[in-house]
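Chemist: One structure, pasted below without further comment.
The values are calculated or read from the model by the stated rules, or taken from the named source; none is laboratory data. Note that this is a predicted model, so its numbers are computed, not measured. As a convention, Cβ positions derive from the backbone with ideal geometry for all residues, glycine included, and neighbour counts pool all protein chains shown. Just so you know, the surface numbers come from the protein's heavy atoms only, side chains and all, with ligands and any DNA or RNA stripped out. Shrake-Rupley method; radii C 1.70, N 1.55, O 1.52, S 1.80 Å.
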Amino acid sequence: MPQSPSPTPVTLGAAADPLRLLQDIWGYPGFRGQQQAVIDHLVGGGDALVLMPTGGGKSLCFQIPALLRPGLAVVVSPLIALMQDQVAALRELGLRAALLNSTLDAASARQVQEQARRGELDLLYMAPERLLAESGMRLLEQCRLALFAIDEAHCVSQWGHDFRPEYGQLEILRERWPQVPRVALTATADIPTRDEIVQRLLDPGARSFVSSFDRPNIRYRVVEKRDGRAQLLQFIRDEHPSDCGVVYALSRNSVEEVAAMLAAHGLKALPYHAGLPADLRQRHLRRFLDEDAVVMVATIAFGMGIDKPDVRFVAHLDMPRSIEGYFQETGRAGRDGLPAQAWMAYGLADVVQQRRLIELGEADEAHKRLSSSKLDAMLALAEAADCRRVRLLAYFGEQSAPCGNCDNCLQPPQWVDATQQAQKLLSTVYRCRQASSSSFAAAHIIDVLRGRDTDKVRRFGHHRLSTFGIGADCSEQDWRLLLRQLVAQHLVEVDHLHFNVLRLTEASREVLRGTRRIGLRKAAPKAARARRGHAPAAAAAPGAQPELGAHDAALFEALRGWRSAIAREHGVPAYVVFPDATLRAIALARPRDLQQLRGISGVGDSKRDRYGEALLRLVGEQG
Ligand code: ADP
Ligand code: ZN
């Protein structure tokens with residue numbers, strides 16, 4: 001990627017303080033959450049662990065100290081796309097930032113190293129392997145260092161879901177440069193992972209800054225999976241026809257099929273998985289970052305460290321195997337704080353498949369138990385009839401009240417007593433086994449319940465069982481729904497080694513004896529399909545924005561068109577020039593001069609100087 005042309009570097013006055021920098025350079029009126037506290041602590045030379053949800057504003061926590069402390073701030077980041085975009089964004093702001101990673105040719109790398117040695121850079125982004133190499137260490141020895149920022153710090157944890165061995169070696173920073181402050185940042189870490197980050201990367205006395213994990217602008221939704229792909233298509237068409245989004249699927253095959261299916265229906269959908277050639281993957285990534293309305297269909301490997309702020313939805317066609325994974329993947333939606341959706345289709349096959357992956361996996365027993373309990377927590381979230389956000393946050397140790405912005409809050413499902421049906425199902429499993437000395441899979445059990453006269457029923461004589469036909473009043477779909485909940489709660493087991501036959505468990509007896517009652521979640525009757533932004537609830541939802549009228553919308557589109565042209569010219573993603581939120585604010589406020597323009601959040605001095613005239617001209621033309 002070409003580096004964006006460097007504007008006149010910002011010169012810091014002697015009186016520079018964090019708030020002034022935020023306002024002058026970034027054009028934001030004030031700090032969010034704990035940003036100021038983190039910045040003060042780092043400027044004062046302390047170590048810090050920063051936990052903030054995606055989109056919370058972690059970058060400013062080290063970017064501003066990098067400007068205020070003398071010397072070079074080194075930022076360690078695992079993903080190349082993220083680095084490129086952050087550096088491009090900093091240069092758009094007029095800051096002295098550069099990167100060193102495998103994408104640079106030798107001459108450019110030498111030039112960056114020279115600049116670093118001469119003290120001409122404030123921020124240097126480095127891939128961990130680049131930093132750990134002998135040449136990287138030598139370079140740092142020759143520079144005056146302001147601080148180390150270690151992004152995606154949870155990658156240091158061997159137990160985590162993103163372990164990267166190079167991250168473990170970053171311990172050396174503390175040994176070699178004990179006097180240089182370090183900040184470790186992440187959006188996802190349970191308590192043991194937090195401890196591990198501090199222990200490996202930071203001073204034992206490091207301060208922790210833990211923000212709420214809540215992402216109020218994300219609406220969580222889980223739908224009954226019937227035909228997942230058709231449901232996905234409908235969801236995108238109805239609610240996000242011209243938005244960027246990410247669709248996650250478990251296998252490479254289904255990634256390619258789903259992308260092809262969406263593309264065949266006229267959507268700009270692209271596949272992304274580790275089996276595609278590297279250059280194709282890179283091309284798809286650039287299109288996703290740079291263009292509007294691209295839907296990326298990907299395996300979960302995609303997305304970490306991708307900074308795109310205007311992803312309007314994340315859709316899961318397969319259930320993630322833990323709440324951490326779900327939270328991280330859905331967290332890639334709505335980093336800009338505008339309304340976004342996390343949508344998941346979930347069915348019996350998901351439960352069965354995830355259990356099978358764990359049981360047949362190669363991990364040792366202790367690890368399998370841990371994976372199972374993580375999966376159970378995820379299943380409980382998917383099956384929940386109460387507020388999903390309350391459960392999600394509780395998993396990370398936070399208490400909260402029902403949110404009003406998840407499916408269960410917006411359309412509370414009915415909760416019906418299904419104990420009798422569960423008894424019918426379990427006793428059918430029991431009787432089939434007793435009569436035939438073998439176990440049977442779900443399809444056959446449901447046939448017996450519904451009294452269907454199939455070859456298999458005849459062959460085993462199951463039409464003579466007392467439970468034959470006792471469930472004829474319920475549809476096959478209803479029985480599968482009940483079965484899914486029983487499997488999720490370990491009241492029935494699916495034997496993956498033997499044709500997925502169903503078996504009773506210890507706990508099944510409690511249901512059969514009537515000492516344990518079973519509730520069944522029944523989806524609320526389908527309300528009139530709500531378009532995003534038009535649904536009554538959406539207007540009240542946190543992060544909701546006023547709808548633009550036709551006149552303002554026309555200006556907004558004109559501004560987006562102008563932004564695309566600038567982004568192409570500079571070889572940077574559109575949002576690096578201006579985020580949607582800033583363009584919306586301009587369309588609404590219609591500034592008449594540079595001073596009014598400068599008052600809009602996201603327009604700092606450098607962007608006013610570079611783009612102000614062009615923006616005012618556009619506003620004038622559309623007046
Ligand atoms: P994170 O790395 O925590 O996911 P970022 O640092 O990328 O989040 O910030 C997310 C978005 O919020 C960016 O567009 C950033 O410019 C914006 N932002 C951060 N801090 C503020 C602030 N104090 N006021 C307004 N916008 C902010
Ligand atoms: Zn809720």
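Chemist: Under 8 Å for C-alpha pairs, at least 6 residues apart: give me the relative contact order for region 416-523, rounded to a whole percent.
Modeler: It comes to 35 percent, rounded to a whole number.
Chemist: Taking loop as defined by DSSP and a crowding limit of 13 other beta carbons within 10 Å, which chymotrypsin sites (Phe, Trp or Tyr not before Pro) in region 423-510 fit?
Modeler: Those satisfying the criteria are Phe499.
Chemist: Still on this model: Could you give the longest part of the chain that holds none of the GluC sites (Glu not before Pro) found in DSSP loops with at most 15 neighbouring Cβ atoms within 10 Å?
Modeler: 121-290
Chemist: What do you reckon, how do Arg332, Arg176, Arg480, Arg110 stack up by accessible area (1.4 Å probe), largest on top?
Modeler: From most accessible down to least: Arg110, Arg176, Arg480, Arg332.
Chemist: Now, a different point. Could you tell me the largest-minus-smallest coordinate of the C-alpha atoms of region 235-275 on each of the three principal axes, in descending order and whole angstroms?
Modeler: 30, 17, 13
Chemist: Something else now. For region 416-523, what D do you get in µm² per second when you plug the Kirkwood radius from alpha-carbon pairs into Stokes-Einstein at 4 °C and 1.567 mPa s?
Modeler: 94 µm²/s
Chemist: Next up: Run the numbers on the chain and let me know its relative contact order in percent, using alpha-carbon pairs under 8 Å that are six or more apart.
Modeler: Answer for the chain is 15 percent.
Chemist: While we're here: Leaving out ligands and nucleic acids, and using a 1.4 Å probe, what accessible area per residue does the chain come to in Å²?
Modeler: Heavy-atom accessible area per residue stands at 43 Å².
Chemist: Compute the long axis of helix 348-360 from its Cα atoms, compare it with the longest principal axis of the Cα atoms of the chain, and write down the angle in degrees, 0 to 90, nearest 10.
Modeler: Its long axis makes an angle of about 80 degrees.
Chemist: Rounded, prolate or oblate, given the Cα gyration tensor of region 322-440, with a/c below 1.5 counting as rounded?
Modeler: Cα axes put region 322-440 in the oblate bin.
Chemist: Further, regarding this structure: Counting Lys and Arg as +1 and Asp and Glu as -1, each charge on the Cβ, what is the dipole of region 31-210 about the Cα centre in debye, to the nearest 20?
Modeler: With only Lys, Arg, Asp and Glu charged at Cβ, the dipole is about 440 debye.
Chemist: Dimensions of the chain along principal axes (Cα, Å, largest first)?
Modeler: Principal extents (Cα only, largest first): 90, 60, 45 Å.
Chemist: With every protein chain left in place and a probe of 1.4 Å, what is the accessible surface of Cys409, to the nearest 10 Å²?
Modeler: 40 Å²
Chemist: Separation between the Asp473 and Trp415 pseudo-spin-labels, each 7 Å from Cα along Cα→Cβ, expressed in nm?
Modeler: About 2.3 nm separates the two model spin labels.
Chemist: Separate question: Ordered by residue, what ³J(HN,Hα) values in Hz, to whole numbers, does region 281-293 give under the Karplus form 6.51 cos²θ - 1.76 cosθ + 1.60, where θ = phi - 60° and Gly and Pro are x?
Modeler: Using θ = phi - 60°, the values come out as 4, 4, 5, 5, 4, 4, 5, 4, 6, 9, 9, 8, 6 Hz.
Chemist: Quick one: which residues, 5 or more positions from Ala73 or on another chain, have an amide H under 5 Å from its amide H? H modelled 1.01 Å from N in the peptide plane, none for Pro or chain starts.
Modeler: Those lying under 5 Å, H to H, from Ala73 are Leu123, Leu124, Ala146, Leu147.
Chemist: Would you report the distance distribution of C-alpha pairs in region 163-213 as whole percents per 5 angstrom bin, up to the bin with the largest distance?
Modeler: Taking every Cα pair in region 163-213, the percentages come to 4, 17, 32, 26, 15, 6, 1.
Chemist: Once both labels are modelled 7 Å past Cα along the beta-carbon direction, what's the Lys268-Gln23 spacing in nm?
Modeler: If labels sit at Lys268 and Gln23, their model points lie 3.8 nm apart.
Chemist: I've got another one for you. Quick query: amide H of Cys244 versus all other amide H atoms, modeled in the peptide plane; which residues come in under 5 Å with a sequence gap of 5 or more or a different chain?
Modeler: Counting only residues 5 or more places away or on other chains, the set is Ala293, Val294, Arg312.
Chemist: Oh, and also: Which three lengths, in whole Å and largest first, does region 60-163 cover when its Cα atoms are put on their principal axes?
Modeler: So the three principal-axis extents are 40, 29, 23 Å.
Chemist: Here's another thing I want to ask about it. Can you compute the helix-only [θ] at 222 nm over the chain? Use -39500 (n - 2.57) per DSSP H run of at least 4 residues, normalise by all residues, nearest 500 deg cm²/dmol.
Modeler: Taking each H run of at least 4 residues, the total per residue is -13500 deg cm²/dmol.
Chemist: Please compute the contact order of region 31-210 in relative form: average sequence separation of alpha-carbon pairs under 8 Å and at least six residues apart, divided by the residue count, as a percent.
Modeler: So the answer I get is 33 percent.
Chemist: Run the accessible area of the chain with a 1.4 Å probe and give the carbon-and-sulfur part as a rounded percent.
Modeler: 50 percent
Chemist: Out of residues 5 or more away from Ser208 or on other chains, whose amide H comes under 5 Å of its own, with H placed 1.01 Å from N in the peptide plane?
Modeler: Under 5 Å from the amide H of Ser208: Leu49.
Chemist: May I ask you to rank His240, His265 by accessible area, largest first, using a 1.4 Å probe over the protein chains only?
Modeler: His265, His240
Chemist: Then there is this: Counting only pairs 8 or more places apart or on different chains, how many lysine pairs in the chain have C-alpha atoms closer than 29 Å?
Modeler: Lysine pairs, 8 or more places apart or on different chains, close enough: 19.
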